[in-house]
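A.B. asks: The structure is given below, and queries will be raised subsequently.
The values are calculated or read from the model by the stated rules, or taken from the named source; none is laboratory data. The structure displayed is predicted, hence computed values, not measured ones. Using ideal geometry, Cβ is built from the backbone for each residue, glycine included, and neighbour counts are taken over all protein chains shown.
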Amino acid sequence: MKPDVTAFFDEGTNTISYVVRDPAGSACAIIDSVLDFDYASGRTGTDSADRIIAHVREAGLDVVWLLETHVHADHLSAAPYLQERLGGRIGIGEKIRLVQDTFGKVFNEGTEFQRDGSQFDRLFAEGDSFHIGQLRGEVLHTPGHTPACLTYVIGDAAFVGDTLFMPDFGTARCDFPGGSSKMLYASIQKILTLPDETRIFVGHDYKAPGRDDYAWETTVAEEKAKNVHVGAGRDEDSFVRMRDERDATLEMPRLIIPSLQVNMRAGRMPPADDDGGVFLKVPVNRL
């Protein structure tokens, strides 16, 4: 089946969120939502999520899933905010437990922070399936950018998160804790075994040099032929060398510190203190 896909671009984080609808009914899923966050003031906002809410309500849709492709390091998830207003179950990969264990230590979360993925409603493993109305979704475990990255294949569409970008921009970084360029290469090859006509929807776009507009939809065939990092049959050794050298030059994402603390909790803030205040930690010399 061919799902109806509506994209929402958040220019502040270069993130694309998606509403994926069963064309035969009203059921839909929301993938990789964004909670606005101003780091300088510590204030959150909901403009990005409210655009999705307005679309869902105007179209008369029924949200059954709020899906995360991974624990994002560049934006905060709006999944709990959307769930409160629209319903749906929050899902992520079962390897979230590894991410929670790693960053629970980085942020000195203590024993009260559960590292079992219980903050989420569903933990997906390789080969799992789910339904959006009559649409069947399949789960591919595609680690490399993080240990918990998933690709959701829904009908003829694959939602790859940060694993692949548009062909003229390449692939995701692999230098976060638990990342691996070798694993990323293997994951990309798995995605590229899907039928050539499979639509690929990427999680971010940054406008490659020479391109005037943002873009987020491509195909398996285009990625295989033209991706500047893995296209035209590039071998693993040259990819790993290129990716590792490139990653060594990159700065940490601007919102990595708040994003990880919130997203490993399924988009929820850390518990409030006795006075009702909510605080995020800044680990020194840990990232």
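A.B. asks: Being over 19 Å from Thr6 (Cα atoms), among the charged types (D, E, K, R), within 21 Å of the chain's Cα centre (by Cα) and surrounded by 15 or more Cβ atoms within 10 Å (Cβ to Cβ) is the filter here; which residues of the stretch 191-241 pass it?
C.D. replies: Glu223
A.B. asks: Scan the stretch 112-127 and give yes if some residue there is among the polar types (S, T, N, Q), surrounded by fewer than 19 Cβ atoms within 10 Å (Cβ to Cβ), modelled with pLDDT of 95 or more and not in a loop (DSSP other than H, G, I, E, B), otherwise no.
C.D. replies: No - not one qualifying residue is present in the stretch 112-127.
A.B. asks: Oh, and also: Conditions: (1) assigned to a strand (DSSP E or B); (2) of a type in the set (Asp, Glu); (3) free of Cβ contacts under 8 Å to residues at least 12 places away in the same chain. Glu84 meets all but one. Number of the miss?
C.D. replies: Unmet for Glu84, out of (1) assigned to a strand (DSSP E or B); (2) of a type in the set (Asp, Glu); (3) free of Cβ contacts under 8 Å to residues at least 12 places away in the same chain: (1).
A.B. asks: Just checking, which of Val202, Val153 is of a type in the set (A, V, I, L, M) and closer than 21 Å to Arg246 by Cβ?
C.D. replies: Testing whether each residue is of a type in the set (A, V, I, L, M) and closer than 21 Å to Arg246 by Cβ leaves just Val202.
A.B. asks: May I pose another question? Name the one entry in Arg254, Arg199, Arg173, Arg211 that is among the charged types (D, E, K, R) and more than 24 Å from Glu68 (Cα to Cα).
C.D. replies: Arg211
A.B. asks: Just to be sure before I move on: is Ile92 over 18 Å from the mean Cα position of the chain (by Cα), modelled with pLDDT of 95 or more, among the hydrophobic types (A, V, I, L, M, F, W, C) and crowded, with 19+ Cβ neighbours inside 10 Å in the structure I sent?
C.D. replies: No: the conditions fail for Ile92.
A.B. asks: Sort out which residues of the stretch 193-247 are touching a residue at least 40 places away in the same chain (Cβ under 8 Å), of a type outside the set (A, V, I, L, M, F, W, C) and part of a strand (DSSP E or B), and write them in order of number.
C.D. replies: Those that are touching a residue at least 40 places away in the same chain (Cβ under 8 Å), of a type outside the set (A, V, I, L, M, F, W, C) and part of a strand (DSSP E or B): Arg199, His204, Glu217, Thr218.
A.B. asks: Go through Thr111, Thr69 for me and flag whichever is β-branched (Val, Ile, Thr) and over 17 Å from Gly137 (Cα atoms).
C.D. replies: Thr111
A.B. asks: Let me ask another. Looking only at the stretch 175-185, how many residues end up being in contact with a helix residue (DSSP H, G or I) (Cβ under 8 Å, 6 or more places away or on another chain) and under 19 Å from Glu126 (Cβ atoms)?
C.D. replies: Number of matching residues: 4.
A.B. asks: Can you tell me which residue in the stretch 22-61 is surrounded by the most Cβ atoms within 10 Å (Cβ to Cβ), limited to those that are small (Gly, Ala, Ser) and without any contact (Cβ under 8 Å) to a residue 40 or more places away in the chain?
C.D. replies: Ala49
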